[in-house]
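The values are calculated or read from the model by the stated rules, or taken from the named source; none is laboratory data. Quick caveat, the model's predicted, so the values are computed rather than measured. Cβ atoms come from the backbone with ideal geometry, glycine included; neighbour counts cover every protein chain shown. For accessibility, only protein heavy atoms count, side chains too; no ligands or nucleic acids. Shrake-Rupley method; radii C 1.70, N 1.55, O 1.52, S 1.80 Å.
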Amino acid sequence: MAAKSLFQSPNPKHVPFLKSDQTLVLPHVVSLPNSKTTAKRLVVSSSSSSSSSAVLAPHILTSPVASPLVSRAQAPLARVWREIQGCNNWKDLIEPTLNPLLQQEITRYGNLVSTCYKAFDLNPNSKRYLNCKYGKQTLLQETGVDQAEEYQVTKYIYATPDINISISPIQNEANRGARWVGYVAVSSDESVKRLGRRDIVVTFRGTVTNPEWVTNFMSSLAPARFDPHNARPEVKVESGFLSLYTSDESESKFGLESCRQQLLSEISRLVNKYKGEDMSITLAGHSMGSSLAHLLAYDIAELGLNRRMGERDVPITVFSFAGPRVGNLGFKKRCEELGVKVLRITNVNDPITKLPGVLFNENFRVLGGFYELPWSCSCYAHVGVQLTLDFFDVQNISCVHDLGTYIDLLNRRRINSRSADSDKEKDNDNFSLEFLKRKGENMMFLKGQRRVHWTNVVDLLSSVSDHMLYCNIF
């Protein structure tokens, strides 16, 4: 799922990627650091998950971008944190311009996710192979997180891909068992004053190892059945993600619990430890990691672990970076009923965000807007509100899915007050050539991996996903 593992050494040369205007949202331009040449552009827009065309086509710039910031931009985070966490589904925080406080928080959680990549040990000769390089006390400092003292890491999370495949390289790697996928952290006493609450954070990395790639291809739908008292068979999720979330190593000599059991026990402990305080549960992940974040958010809410007697429920928010679809329409509806808030940060040119269910998804389940098709219950559907970026590099196509690119562009996002009429612009490059020249070396590509032509990868992902979804439906 994490496409960055397929490429190395970015060689930026950008091309325009604007198509016909198919949306009603008001986009705006972001200026990025550039050289003496005409300013390059990054199109950034937003839409709710109900927009059928928002993910399918980038937006043409048609309006001036100068617009006043909402008043909440001036308020301290401690006063408006519930809105930033999505209590109102980010109303007026994304359109017409991205609220700078929300932008700051998205960037901050993105950096916490990037720690999972920086600390993941991929050296086969290392004693920590497929584990974290650092201890919990020094993880955030070692990976260069700003203001690392604001959070204390309390637990490392491991997941076990449950696959049975005869290809020896994959099987040998799968036999190594659980591998590190993320961590749980809680805000420190000092940071509570700035954040306005005690923040419990869980972060997940995306796909890196071969067995994880195999689980991503397991795109048939399966009932989640998280609540032992109410199975809710209509709530279905991708079987590969579900397997990664629920599989354990009970038969091994160490008896490691499943990813799910590790997470639920730690979150329950922290919620109980800080009872009586204002609190939030924030889950953030990239690619496959965003799928695990979705499953955990639904699991916590379904089991009621965020409910406190005589107190307000603890809000659950997912910040999803380049995430795929996770479940069917029943999963989406149940998440909304339970009050789970999801903000999906996506790139319109990123194929991963269109998987699984390239053909059968939330946009193709109703005929003519009236007749619900027979397979609608088995269609994949995105959850939550979408914030869309638009960037593309023809010679380094892996950047469309790279977490580092997502974060850097959000972090350097500035409002351009000049007119952005695309008909008058001579240079339609999506974003700054000089920016990627300076930042390309920081993108998270795994060393020693073969180059693979991106179109072949996309075709493979699409065909496998559609084939397995077809088998599941019919």
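Taking the stated definitions as given, is T207 surrounded by 17 or more Cβ atoms within 10 Å (Cβ to Cβ) and either assigned to a strand (DSSP E or B) or touching a Leu at 6+ places or on another chain (Cβ under 7 Å) (or both)? So T207 does not fit the description; no.
Applying a threshold of 6 Å to beta carbon distances and a minimum spacing of six or more residues, or different chains, the list of pairs starting in region 77-90 at a residue that is polar (S, T, N, Q) and ending at one that is open to solvent by less than 10 Å² (accessible area, probe 1.4 Å) and not in a loop (DSSP other than H, G, I, E, B) reads Q85/S280; Q85/T317. Of the numbered conditions (1) surrounded by 13 or more Cβ atoms within 10 Å (Cβ to Cβ); (2) assigned to a loop (DSSP other than H, G, I, E, B), P124 fails exactly one; give the number of that condition. Every condition holds for P124 apart from (1). Of all the residues in region 127-151, those that are of a type in the set (V, I, T) and open to solvent by 50 Å² or more (accessible area, probe 1.4 Å) number 1.
Residues being part of a strand (DSSP E or B) and either basic (K, R) or closer than 12 Å to P356 by Cβ (or both): count how many of those fall in region 215-236. Total satisfying the criteria: 2. Scanning region 297-332 for residues that are in a helix (DSSP H, G or I) and at pLDDT below 95 yields L329, G330.
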